[in-house]
Amino acid sequence: MKSAWKKTRKFISNLVTTILFINLILMAVLVVSSKASGGEPEIMGYQLKTVLSGSMEPTFLTGSVIAVKPLEKDEKRNLKKGNVITFVASDEKLITHRIMGVTTSGEHVMYETKGDNNQAADMNPVLSENVQAIYTGFTIPYIGYFIDFAQSKEGSAILLIGPGILLLGYAAFSIYQALREIDPKSKKQDNEEKTA
């Protein structure tokens, strides 16, 4: 019975250590990649964008994270109706909306865009040069709030330091448990030597 409990405790101990360590690595990657890219985190060539409004619901919800693929100059001119794109609006704000129409005027390509949840199309057409990326179809609901927090100074500090402290605390607890197990064994051995 005792050996089964010891095996279970050891398994749980290893599992907790692994989870805390993976969490620490993931947080470090998230924070470092978002700081290095100067904004949104980037993973394997895809940028993760946080959805801050409900204009594209139900395609993706407010607070979701979406993966977008940055586009080259030629790719920006060859987008089609129905593509969901991320573009720079006139107020330097990034917006992700769906292309409703494509207009070509000489060398210039312009896109009429609209949020799926909006009643009307966007006021100004989007020049192809202002398109940043195309939506890949990958969405994780609600995690955007967490990434937004991770990008703040306080969030970066908490997410990097927190798991590290938990890992150190758990390591100290494991060492304490191991020492407690060794102590009764050495006392028992001392008592056996005295009686012999």
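Looking for something in contact with a Gly (Cβ under 9 Å, 6 or more places away or on another chain), among the β-branched types (Val, Ile, Thr) and modelled with pLDDT under 80 - is there at least one such residue anywhere in the range 64-85? Reasoning before the result, please.
To start, the set of residues in the range 64-85 that are in contact with a Gly (Cβ under 9 Å, 6 or more places away or on another chain) comprises 64-67, 69-70, 81, 84.
Those left that are additionally among the β-branched types (Val, Ile, Thr): 65-66, 84.
Filter once more, so that each one left must be modelled with pLDDT under 80: none.
No - not one qualifying residue is present in the range 64-85.
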Counting just the residues of the range 1-21 that are assigned to a helix (DSSP H, G or I) and among the aliphatic types (A, V, I, L, M), which one comes out farthest from the chain's Cα centre (by Cα)? 4
For residues in the range 164-188 being modelled with pLDDT under 70 and surrounded by 10 or more Cβ atoms within 10 Å (Cβ to Cβ), which is nearest to residue 20 (Cα to Cα)? 183
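Restricting attention to the range 136-153, which residues are assigned to a strand (DSSP E or B) and at positive phi?
Residues of the range 136-153 that are assigned to a strand (DSSP E or B), as a first pass: 136-140.
Across the range 136-153, the qualifying residue is only 137.
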Odd one out for residue 149 among (1) exposed (fewer than 14 other Cβ atoms within 10 Å of the Cβ); (2) closer than 21 Å to residue 51 by Cβ; (3) more than 21 Å from the chain's Cα centre (by Cα); (4) not aliphatic (A, V, I, L, M): (3)
Search the range 28-53 for residues being at pLDDT below 75 and touching a Pro at 6+ places or on another chain (Cβ under 6 Å), and hand back the single one that is surrounded by the fewest Cβ atoms within 10 Å (Cβ to Cβ). 33
With out of contact with any strand residue (DSSP E or B) (no Cβ under 8 Å at 6 or more places or on another chain) and farther than 15 Å from residue 52 by Cα as the only criterion, which of 112, 129 stands out? 129
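The values are calculated or read from the model by the stated rules, or taken from the named source; none is laboratory data. Remember, it's a predicted structure, so these values are computed and weren't measured experimentally. Cβ: placed from backbone, ideal geometry, glycine included. Neighbour counts: every protein chain shown.
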